[in-house]
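One structure is given below, encoded as structure tokens.
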Amino acid sequence: MAGLSAPVYGGNMKIAIITTTFPPIVGGMAVASYYHATLLAQHGVEVHVFTQTIDQKSEDANYPFTVHRLTPRVRFGYSAYAPQLKKILKEYSALLIEYPAYGLAEPAYQAAQSYNIPLFVYYHMDTIADGIKGAVFFLYRKIMFPRILKQARGVLVASDAYARHSYLSNHKTLLANRLSVIPLGVDTRRFYPGGGNSDILQLLDIKRSDTLIGFVGALDSQHYFKGIPVLLRALACLIRKYPLPSFQCIIVGDGNMRSEYEKLSRDLGVSQYVIFAGKVSHTDLPRYFQLFDMFILPSTDQSEAFGLVVLEAMASAKPVIVSDLPGPRSLVDHESDGFIFSSGDDQALASYVYELLNDTHKRSSMGARGREKVARTYQWPIIGAQLYEYIRTHI
């Protein structure tokens with residue numbers, strides 16, 4: 001992943017970032033962890049990232065920080081239990097847990113407690129599940145999570161709206177004067193307005209005249225909440241109810257749910273309007289955003305805590321349509337740079353898509369306002385300075 005330039009402020013700090021998801025794993029938490037590490041390093045901090053081993057090759061040697069990939073004793077999904085981490089963290093100035101980080105958060109908490117190391121938690125998202133997995137999450141929230149919060153010198157969230165509606169809201173007394181908002185950001189040098197990209201159009205067999213609806217996200221069971229069925233049902237509603245210009249919906253991403261979503265598109269009669277583009281490279285991803293005429297994030301529950309892809313679309317000057325969840329809706333000014341619809345309401349989503357499909361001027365003006373907002377508030381260097389200053393003043 002590309003680095004960012006920033007002033008070096010120095011300070012002799014040695015910070016460990018603990019995360020179970022890190023590139024080449026894709027997703028918002030992995031991207032955020034990378035940028036947190038990069039930006040702190042560029043502010044003169046000695047940064048070490050502790051994460052789990054993965055089978056894929058990575059670019060660890062090219063980063064401006066050190067990556068330690070631990071072999072866990074137990075691994076389940078993104079959870080990775082590595083108790084050896086506790087002793088390794090003894091010599092650090094501060095610890096930053098990118099939460100949730102099941103299996104790594106616990107030894108980090110123990111290290112903070114045993115060695116009196118300042119602990120910070122960046123709370124990315126609630127963990128929600130049914131059945132046995134849901135019961136495990138419930139017990140963790142009741143037993144381990146409050147201990148981590150009590151030990152933390154500071155807890156950071158991407159938006160105040162999400163904090164008020166997340167499981168953090170159950171710990172208001174515990175978090176008094178220790179909860180702060182530092183949003184996530186976007187690299188506007190990677191994501192910017194553009195056009196052309198005829199090679200991608202040719203690859204996907206798309207006509208240049210087609211209006212393109214975009215979605216980017218993992219299609220695996222861990223990201224069940226991304227709302228692909230809602231999007232597909234909205235497309236089915238579109239073609240039933242409205243006279244439409246020629247359009248295609250490009251779904252970028254891959255995972256173990258892809259075949260199920262492809263089958264659903266066939267069952268709903270919209271497969272001819274949907275292109276499952278699969279996983280695209282880090283280099284090509286901004287070019288896909290440039291192709292889109294609009295971007296949709298139809299998430300279904302508050303596991304979607306923020307929505308980095310929304311910022312990436314806005315940085316690319318695209319109008320966005322998001323579901324009415326605390327995190328995503330905090331990024332969008334309804335009817336100014338996008339639309340907000342009630343989560344799961346495929347008919348409402350269809351009506352907003354229809355409005356944008358038929359109004360080129362509205363797409364352009366909304367996209368421009370979104371780009372202006374991102375440049376003003378959400379650029380990573382701005383966020384990095386906030387994060388550095390927060391940690392520096394709270395150690």
Within the range 102-124, is there a residue that is closer than 20 Å to Y388 by Cβ, in contact (Cβ under 8 Å) with a residue 60 or more places away in the chain and in contact with a Gly (Cβ under 6 Å, 6 or more places away or on another chain)?
yes
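From the list F295, F225, F306, which one is in a helix (DSSP H, G or I) and either closer than 23 Å to H124 by Cα or polar (S, T, N, Q) (or both)? Reasoning before the result, please.
On the way: F295 fails: in a helix (DSSP H, G or I); F306 fails: in a helix (DSSP H, G or I).
Among F295, F225, F306, only F225 is in a helix (DSSP H, G or I) and either closer than 23 Å to H124 by Cα or polar (S, T, N, Q) (or both).
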State whether the residues of the range 270-278 include one that is within 21 Å of Y162 (Cβ to Cβ) and part of a strand (DSSP E or B).
no
Go through the range 41-78 residue by residue and tally those that are surrounded by fewer than 22 Cβ atoms within 10 Å (Cβ to Cβ), in a strand (DSSP E or B), in contact with a strand residue (DSSP E or B) (Cβ under 9 Å, 6 or more places away or on another chain) and of a type outside the set (D, E).
8
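Okay, residues lined up against (1) in contact with a helix residue (DSSP H, G or I) (Cβ under 8 Å, 6 or more places away or on another chain); (2) at pLDDT 95 or above; (3) surrounded by 20 or more Cβ atoms within 10 Å (Cβ to Cβ):
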position: L174; (1), (2), (3): yes, no, no
position: R178; (1), (2), (3): no, no, no
position: F191; (1), (2), (3): yes, yes, yes
position: Q202; (1), (2), (3): no, no, no
position: H223; (1), (2), (3): no, no, yes
position: K226; (1), (2), (3): no, yes, yes
position: P245; (1), (2), (3): yes, no, no
position: I250; (1), (2), (3): yes, yes, yes
position: L264; (1), (2), (3): yes, yes, no
Would you mind finding the one in L231, L264, L235, L219 that is under 30 Å from D130 (Cβ atoms) and assigned to a loop (DSSP other than H, G, I, E, B)?
L219
Pair list, Cβ under 6 Å, 6 or more apart: the range 346-365 residue assigned by TED's automatic domain parsing to the domain that holds L325, other residue part of a helix (DSSP H, G or I) and among the small types (G, A, S):
D346/A234; L349/A234; A350/A234
Sort out which residues of the range 57-81 are farther than 16 Å from S33 by Cβ and either within 22 Å of the chain's Cα centre (by Cα) or modelled with pLDDT under 80 (or both), and write them in order of number.
K57, A61, R75, F76, G77
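Listed here are the residues, each with its yes/no results for (1) surrounded by fewer than 22 Cβ atoms within 10 Å (Cβ to Cβ); (2) outside any loop (DSSP other than H, G, I, E, B); (3) at pLDDT 95 or above.
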residue	(1), (2), (3)
F339	no, yes, yes
A348	yes, yes, yes
S351	yes, yes, yes
G370	no, yes, yes
P381	yes, yes, no
Q386	yes, yes, yes
Within the range 278-289, can one find any residue that is without any contact (Cβ under 8 Å) to a residue 60 or more places away in the chain and either assigned by TED's automatic domain parsing to the domain that holds Y34 or buried (at least 19 other Cβ atoms within 10 Å of the Cβ) (or both)?
no
If you go through the range 266-292 one residue at a time, how many are farther than 15 Å from I213 by Cα and in contact with a Leu (Cβ under 8 Å, 6 or more places away or on another chain)?
1
The range 251-261, residues that are more than 17 Å from D210 (Cβ to Cβ) and in a strand (DSSP E or B)
G253
Check whether at least one residue in the range 307-327 is more than 18 Å from the chain's Cα centre (by Cα), among the hydrophobic types (A, V, I, L, M, F, W, C) and at pLDDT 95 or above, and report yes or no.
yes
In the range 234-243, residues that are modelled with pLDDT of 95 or more and loosely packed, with under 14 Cβ neighbours inside 10 Å total 0
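The values are calculated or read from the model by the stated rules, or taken from the named source; none is laboratory data. Everything numeric here is computed off the predicted structure, so don't read it as measured data. Positions of Cβ are backbone-derived with ideal geometry, glycine not excepted, and every protein chain shown enters the neighbour counts.
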